[in-house]
Amino acid sequence: MKKASPIIALLLSFAIVFGMFTLCFADTAQGENEITQTSVTDPADTLSLMKSNAPDGIEAEEEDESGEDDQNDSDEPEEGASSAEEEQQSSSKRFSLGGLIAAINPSRILYDEGIHTLTTHEFVKIVDALRFVRYVLTGKIITGAPKKFDATFDDDLIMVCKAISDQSSLDVYELLTNLPDVNDPAKIAAKVFNIDVGAYREKMYEARENYYHEGNAAMANICWALGAYMSGIESAYVHLEPKDTYHEVVLDVQYSDGTMEIFHPNIYIDLETGECFGNKDRGMMEIGFNTNAYDALVYAPMYCWMKDFGFCVEYDMLCYVLPVYCYNTRRFKFDYGDKEWMIQIWKGNYLITNGGEVGIYNRDKGSFGTFYNVVEEENEMNMSLLITHGDDVLVDMQEQRHWWINGFKLGKRLYSPHSLDMTFTIEMPDEEMLSAFTKSIDKNFFHDVYYSVEGLKVTAHWDT
């Protein structure tokens, strides 16, 4: 009997749970059966049908009004009572567990509405929590709360930052003014390794000048950052200085030893258009990307550093394993002239942005592996790019001559790549290449890119 007790208890528990679910599903069984009979396969159609199913009482009332007009007014239910009854019936269905399961499709909600991106405020909270824990574990909490990096912005720069934060989860001003004071590791390293920080800074600055003369501004900025960091940055004032038709971002840096330095990070802003860019068409600080603050749009200019690295399948594989990328891609390969060509397209979310790309690559015939070079300058083409989510236009890159047209919209939500619609145009140099490219689209395994041709221009649409 003792051995049978757990089995009996389990059966009773199962009976109770089954009974609860039966009661919950009872009032929605008829609606679910009607949906099954209509064989609706699309989740949106299913959800629409569920919303359109009126309570039985409402349908009965409509039949009475159409078939028994000669009844006395006294036989008809009062309007208030009818409304109350309808509300009660509707409420019973709305709040039942079965109704919730049948009416709500979580995958559809994620598909339509996406997910929230991590906000700057949330990120700062995480950083503050980690910093506080470190201060507690190291005993420094006794001397006071953790310090923050002392950074101040001028009003014009704050306005530009606000233009981005109003449209997205990224608040550059909050981020840079809430950075932790990270001078302690530099001080410890200088003490342990007996580093003369003044001499070290001069050496890094000398390397910076050499890189500048070589045209490598990215490495020059890294050398400056290393020299400045080891010197101990006490505070920084970030402001805009007017130029001809734009403004330059300038940093006034004060070091721990009391010395001052003015730094030009190669960021320029057009306050009228919101364009934030670097010189030589290489991106801000030569990181490879420019930004339009008023559109909250990030894009790569012509001579970004990625141009030197071509493209291969392994790049996509690396992005797929990283948790900050989620995109779909299609490759259209064909032969033209004496080259093997690949036009690749992407759409999805990247870090905290939604967007897409179209890239043109080629290589010598008979090449081994998956690597393709970026096309030569004479083989760049006129392209445009449009990315939408429902009725919202996320990216609208007007036609321009490029090898890699792209756009990434900063926002407050990240959407499924399948919910983004992509339309792009490419103007081919001649009929031969036009034919080769369109045939490669027709042969693509997925068969989900549709196109039209006008002259030498191909307009393609991808919505899956």
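The values are calculated or read from the model by the stated rules, or taken from the named source; none is laboratory data. No experiment lies behind these values; they were computed from the predicted model shown. Quick reminder, even Gly has a Cβ in these numbers, built from the backbone with ideal geometry, and neighbours come from all protein chains shown. Ligands, DNA and RNA are stripped out before the accessible areas are found, and what is left, the full protein with its side chains, is counted by its heavy atoms. Shrake-Rupley method; radii C 1.70, N 1.55, O 1.52, S 1.80 Å.
Listing for the model above:
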{"item": "Residue selected from segment 163-188 under the condition part of a helix (DSSP H, G or I) and open to solvent by less than 30 Å² (accessible area, probe 1.4 Å), by the criterion nearest to Ala296 (Cα to Cα)", "result": "Ile164"}
{"item": "Near pairs, Cβ below 9 angstrom, 6+ apart or cross-chain, from segment 257-279 (without any contact (Cβ under 8 Å) to a residue 40 or more places away in the chain) to any residue that is open to solvent by less than 20 Å² (accessible area, probe 1.4 Å) and among the acidic types (Asp, Glu)", "result": "His264/Glu248; Ile267/Glu248; Tyr268/Glu248"}
{"item": "Boolean, Asp316 is open to solvent by less than 10 Å² (accessible area, probe 1.4 Å), acidic (Asp, Glu) and either assigned to a strand (DSSP E or B) or at negative phi (or both)", "result": "yes"}
{"item": "Close pairs (8 angstrom Cβ cut-off, 6 or more residues apart or separate chains): closer than 21 Å to Phe408 by Cβ in segment 373-393, modelled with pLDDT under 95 and of a type in the set (Asp, Glu) anywhere", "result": "Val374/Asp308; Gly390/Asp112"}
{"item": "Number of the exception - Lys333 against (1) within 29 Å of His116 (Cβ to Cβ); (2) part of a strand (DSSP E or B)", "result": "(1)"}
{"item": "Among residues of segment 149-192, those that are farther than 22 Å from Leu226 by Cβ and of a type outside the set (Ser, Thr, Tyr), counted", "result": "19"}
{"item": "Which numbered condition Thr438 fails, given (1) open to solvent by less than 20 Å² (accessible area, probe 1.4 Å); (2) under 21 Å from Tyr299 (Cα atoms); (3) of a type in the set (S, T, N, Q)", "result": "(2)"}
{"item": "Residues satisfying the stated conditions in segment 190-247, i.e. of a type in the set (Ser, Thr, Tyr) and more than 34 Å from the chain's Cα centre (by Cα)", "result": "Tyr200, Tyr205, Ser231"}
{"item": "Single match in Lys333, Lys347, Lys307 (criterion: among the charged types (D, E, K, R), surrounded by 19 or more Cβ atoms within 10 Å (Cβ to Cβ) and within 30 Å of Glu432 (Cα to Cα))", "result": "Lys347"}
{"item": "Meets criteria (assigned to a strand (DSSP E or B), touching a residue at least 40 places away in the same chain (Cβ under 8 Å) and in contact with a helix residue (DSSP H, G or I) (Cβ under 6 Å, 6 or more places away or on another chain)) for Gly348", "result": "yes"}
{"item": "2 or more residues of a type in the set (A, V, I, L, M) and open to solvent by 70 Å² or more (accessible area, probe 1.4 Å): qualifying strands (runs of 3 or more DSSP E) within segment 190-304", "result": "260-263"}
{"item": "Evaluation of Trp341 against (1) of a type outside the set (Val, Ile, Thr); (2) more than 16 Å from the chain's Cα centre (by Cα); (3) open to solvent by 20 Å² or more (accessible area, probe 1.4 Å) (one fails), failing number", "result": "(3)"}
{"item": "Residue in segment 358-374 that is surrounded by 16 or more Cβ atoms within 10 Å (Cβ to Cβ), closer than 30 Å to Ser168 by Cβ and small (Gly, Ala, Ser) present", "result": "yes"}
{"item": "Any hit, segment 287-309, residues being at pLDDT below 95 and more than 30 Å from Met428 (Cβ to Cβ)", "result": "yes"}
